[in-house]
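Report on the following structure.
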Amino acid sequence: MLRPQDTATRERKCMNGLWSFRLDPAGEGRTQGWWRSRLDEAREMPVPASYNDIVPELAVRDHVGDAWYQTTVRVPQRWAGERIVLRFDAATHRAVVWVDDVQVAEHEGGYTPFEADVTDHVQPGTEARVTVVVNNELTWESIPPGVVEDTPLGRRQNYFHDFFNYAGLHRAVWLYTTPKAHVCGIAVETGLDGGTGTVRYAVEHAGAAVVRVVLRDAAGAEVADGEGSEGLLTVPDVHPWAPGDGYLYELEAQLHDADGGLVDSYVLPVGVRTVEVRGTEFLINGEPFYFRGFGKHEDAPVRGKGHDDALMVHDFELMEWIGANSFRTSHYPYAEEVLDYADRHGIVVIDETAAVGMNVRFTMHGASGATSTYTEDTIGSATQRNHLQAIRELVARDRNHPSVVLWCVANEPDGSVPEARDYFAPLFAEFRKLDPTRPVGLVNMLADLPDKDLVTELADVVMTNRYYGWYMQTGDLAAAEVALEAELRAWVEKHHKPILVTEYGADTYAGLHSIVDMPWSEEYQVALLAMYHRVFDRIDAVVGEHIWNFADFATRPGVMRVGGNKKGVFTRERSPKSAAFAVRDRWRAAR
Ligand code: BDP
């Protein structure tokens, strides 16, 4: 799905700002038709933001069910005759949308965009009322899963992942135009042959038109062109996109009428690069690449998971300061602004679905009472259907980003029961069918050791989260070092694939100090990370280190969480802990 753009033929209007908002704990709004008039008893709510921390009330923070948002938008008079589209960059975890009295969209999944053609439901020059009901319930069918429990005190949301279940309109809302005949999708695949680059393109369009494409370099000079909805462009003396060098061409897809007049134009940034797994190497443009960076979260005080450009740029600047070259979108697809930034700055991205917490046997982040993960009453065929759909929407949204080099099917699912293979094999196949150009992986969890795990065989790389020295061998880094090294060597032995350690770290309470190895102290975090790094440096197949986490983040309350998860190298407010300086020394020296 293409992002809205202002081009020679298109215009967009951002609908961010303060909307009317009302929680619906009794679930009455849908039967009473709250979209039909102005929301009663509404308070003001910023968009984009999670609503949970805006209001200092537990009933808002822990609300389970529907939340209603409403605004009015004036449709510009000059848009008469255009196709008009209403687009939500994200509504977590599902939403229904009305324009005035008409339902125009319904969407499942909290981290991918959806839109509706509202041309027939709005009148240029007048105002339209836009109402959205956002629902935050996690069930066995949703991605991620959870269980809503009815208790005498009301409904409670239980879930099995280690970050707060923020909800709301987390990303921008747009009203935008396209011409009636318009470009609806573009897919590019790039290649390199010596100094020559290739860009294979496919343009989908609606309405009769002639398709032309023009490829321009970063200075705006035309380097190739083509006609027809599919084709292959060659770029002599190509400037490849590479880690640390976010060089982008732009591909303009044009639609022309029979007289040659321009009907529609859409401009797609294109980075020409290749990705390949060969033996135990991860190659970008044929060169071995070593991932240095973090698992992150979209998370901040007050706004929760609401996208914010200031925070995004600050986080990227901190990653540059510390010498990171990559990150994983743990544990859900991030805002498209984030991937665009990564494209422009040559930051490498592992792009993950929102499938996290699919393991009833592992109860550290929340227990469900169930004993088998993959059954029709737990993670079953309905979950798998939603997971497949999440994969389709992720690939459709992100396939053109050069920064994205690896798809991640799920984080820490139950991976050592035979049903896991049946559940995951079709998901790997779907990724590969939709995008044969990128490797696919799945992040495994600490109980799925090389002799137990049954799903890594499906993957192109080994991706593993390990907590030796934290959840095991707590405080004993010497024992942890032995155990970590033995396990990593066992992975090499078994699969002979590149190993990415996608999480390792220690909760650290900023300001707590200790001379001896003492968990939670800043010194312990430094020592634990240094221990992992020594081991990584001894094993050639390790091609990446992503510390858990970039910054402290919110979780639900728990006896192991002190105001959230404290494994950040930065605090939630983005102050450096001692580890930030130690990691910076290592990563900057490696550049
Ligand atoms: C892993 C998860 C991650 C958690 C982390 C932790 O992938 O989401 O936050 O461990 O326990 O289980 O800190």
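For the condition assigned to a strand (DSSP E or B) and modelled with pLDDT of 95 or more, what is the one hit in GLY220, GLY231?
On the way: GLY220 fails: assigned to a strand (DSSP E or B).
Answer to the check: GLY231.
Restricted to region 512-522, and to residues that are open to solvent by 50 Å² or more (accessible area, probe 1.4 Å) and closer than 13 Å to LYS566 by Cβ, which residue is nearest to the ligand (Cβ to nearest atom)?
The first filter runs over region 512-522 and keeps only residues open to solvent by 50 Å² or more (accessible area, probe 1.4 Å), leaving 512-513, 515-518, 520.
From what's left, closer than 13 Å to LYS566 by Cβ: 512, 520.
On the way: LEU512: 17, TRP520: 13 Å.
Result: TRP520.
Considering every residue within region 149-163, establish whether at least one is within 30 Å of THR375 (Cα to Cα), more than 16 Å from the ligand (Cβ to nearest atom) and in contact with a helix residue (DSSP H, G or I) (Cβ under 6 Å, 6 or more places away or on another chain).
no
Can SER330 be described as modelled with pLDDT of 95 or more, open to solvent by less than 10 Å² (accessible area, probe 1.4 Å), within 29 Å of PHE289 (Cα to Cα) and more than 16 Å from the ligand (Cβ to nearest atom)?
Working: modelled with pLDDT of 95 or more: yes; open to solvent by less than 10 Å² (accessible area, probe 1.4 Å): yes; within 29 Å of PHE289 (Cα to Cα): yes; more than 16 Å from the ligand (Cβ to nearest atom): no.
No, not satisfied.
Let me confirm something: among ASP507, ASP476, which residue is open to solvent by 10 Å² or more (accessible area, probe 1.4 Å) and touching a residue at least 24 places away in the same chain (Cβ under 8 Å)? Show your work before the answer.
Numbers: ASP507 fails: open to solvent by 10 Å² or more (accessible area, probe 1.4 Å).
Testing whether each residue is open to solvent by 10 Å² or more (accessible area, probe 1.4 Å) and touching a residue at least 24 places away in the same chain (Cβ under 8 Å) leaves just ASP476.
One line per residue, one yes/no per condition, for (1) under 22 Å from ARG586 (Cα atoms); (2) within 15 Å of the ligand (Cβ to nearest atom); (3) open to solvent by less than 10 Å² (accessible area, probe 1.4 Å):
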| position | (1), (2), (3) |
| --- | --- |
| ALA420 | no, no, yes |
| PHE431 | no, no, yes |
| PRO436 | no, no, no |
| VAL461 | no, no, yes |
| GLY469 | yes, yes, yes |
| TRP491 | no, no, yes |
| PRO498 | yes, no, yes |
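What's the total number of residues in region 536-575 that are away from the ligand (no atom under 14 Å from the Cβ), among the aliphatic types (A, V, I, L, M) and assigned to a strand (DSSP E or B)?
Count: 2.
Test VAL482 against the stated conditions and say whether it is within 16 Å of the ligand (Cβ to nearest atom), free of Cβ contacts under 8 Å to residues at least 60 places away in the same chain and either over 25 Å from the mean Cα position of the chain (by Cα) or under 30 Å from PRO288 (Cβ atoms) (or both).
no
ALA335 - would you say it is hydrophobic (A, V, I, L, M, F, W, C), buried (at least 24 other Cβ atoms within 10 Å of the Cβ) and out of contact with any strand residue (DSSP E or B) (no Cβ under 9 Å at 6 or more places or on another chain)?
Working: hydrophobic (A, V, I, L, M, F, W, C): yes; buried (at least 24 other Cβ atoms within 10 Å of the Cβ): yes; out of contact with any strand residue (DSSP E or B) (no Cβ under 9 Å at 6 or more places or on another chain): yes.
Spelling it out, ALA335 is indeed hydrophobic (A, V, I, L, M, F, W, C), buried (at least 24 other Cβ atoms within 10 Å of the Cβ) and out of contact with any strand residue (DSSP E or B) (no Cβ under 9 Å at 6 or more places or on another chain).
Pull up region 357-399, narrow it to residues that are among the acidic types (Asp, Glu) and surrounded by 15 or more Cβ atoms within 10 Å (Cβ to Cβ), then point me to the one that is farthest from GLU141 (Cα to Cα). So that I can check it myself, show each step before the final result.
From region 357-399, those among the acidic types (Asp, Glu) are 376-377, 393, 398; that's our starting set.
Going one step further and asking which of them are surrounded by 15 or more Cβ atoms within 10 Å (Cβ to Cβ), we end up with 393, 398.
Numbers: GLU393: 17, ASP398: 24 Å.
The qualifying residue farthest from GLU141 (Cα to Cα) is ASP398.
Has region 523-535 got any residue that is of a type in the set (Lys, Arg) and within 15 Å of the ligand (Cβ to nearest atom)? Working first, answer last.
First, the residues of region 523-535 that are of a type in the set (Lys, Arg): 534.
Among the residues that remain, those that are also within 15 Å of the ligand (Cβ to nearest atom) are: none.
No, region 523-535 has no match at all.
Here is a check on your reading of the model: is PHE294 within 16 Å of the ligand (Cβ to nearest atom) and either closer than 29 Å to ASP435 by Cα or touching a Leu at 6+ places or on another chain (Cβ under 8 Å) (or both)?
It is true that PHE294 is within 16 Å of the ligand (Cβ to nearest atom) and either closer than 29 Å to ASP435 by Cα or touching a Leu at 6+ places or on another chain (Cβ under 8 Å) (or both).
So which residues in region 438-459 are open to solvent by 10 Å² or more (accessible area, probe 1.4 Å) and within 16 Å of the ligand (Cβ to nearest atom)?
If the condition is that a residue be open to solvent by 10 Å² or more (accessible area, probe 1.4 Å) and within 16 Å of the ligand (Cβ to nearest atom), then LEU446, ALA447, LEU449 are the ones that fit.
So, in region 126-171, of the ones that are of a type in the set (S, T, N, Q) and more than 30 Å from ILE84 (Cβ to Cβ), which residue ends up farthest from the chain's Cα centre (by Cα)? Explain how you work it out, then say what you get.
Kept after step one, since they are of a type in the set (S, T, N, Q), are these residues of region 126-171: 126, 131, 135-136, 139, 142, 151, 157-158, 165.
With more than 30 Å from ILE84 (Cβ to Cβ) added as a condition, the list becomes 139, 142, 151, 157-158, 165.
Values: THR139: 20, SER142: 16, THR151: 33, GLN157: 23, ASN158: 22, ASN165: 15 Å.
Per the criteria, the residue is THR151.
In the set GLY244, GLY220, which member is within 18 Å of VAL404 (Cα to Cα) and small (Gly, Ala, Ser)?
Values: GLY220 fails: within 18 Å of VAL404 (Cα to Cα).
Just a single option satisfies the conditions, and that option is GLY244.
For every residue, the table says whether it meets (1) open to solvent by less than 10 Å² (accessible area, probe 1.4 Å); (2) within 28 Å of GLU287 (Cβ to Cβ).
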site: ASP540; (1), (2): no, yes
site: GLY544; (1), (2): yes, yes
site: PHE553; (1), (2): yes, no
site: PRO557; (1), (2): no, no
site: ARG561; (1), (2): no, no
site: LYS567; (1), (2): yes, no
site: PHE570; (1), (2): yes, no
site: SER575; (1), (2): no, no
site: VAL583; (1), (2): yes, yes
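Any residue in region 313-339 that is more than 23 Å from MET463 (Cβ to Cβ) sitting within a Cβ distance under 8 Å of a residue that is within 16 Å of the ligand (Cβ to nearest atom) and open to solvent by less than 20 Å² (accessible area, probe 1.4 Å)? List the pairs, counting only those 6 or more apart or interchain.
Taking only residues 6 or more apart or on different chains, the pairs are LEU318/PHE550; LEU318/PHE570.
Please give the strands (runs of 3 or more DSSP E) falling wholly within region 127-186 in which 2 or more residues are among the hydroxyl-bearing types (Ser, Thr, Tyr) and either open to solvent by 10 Å² or more (accessible area, probe 1.4 Å) or in contact with a strand residue (DSSP E or B) (Cβ under 9 Å, 6 or more places away or on another chain) (or both).
Numbers: elements: 127-135, 146-151, 154-159, 173-178.
Correct list: 173-178.
The values are calculated or read from the model by the stated rules, or taken from the named source; none is laboratory data. Predicted model only: the values in this text are computed from it and were never measured. Because the Cβ atoms are built from the backbone with ideal geometry, glycine has one as well, and the counts that use them run over all protein chains shown. For the accessible areas, the whole protein counts, side chains as well, though only heavy atoms, and no ligand, DNA or RNA atoms are used. Shrake-Rupley method; radii C 1.70, N 1.55, O 1.52, S 1.80 Å.
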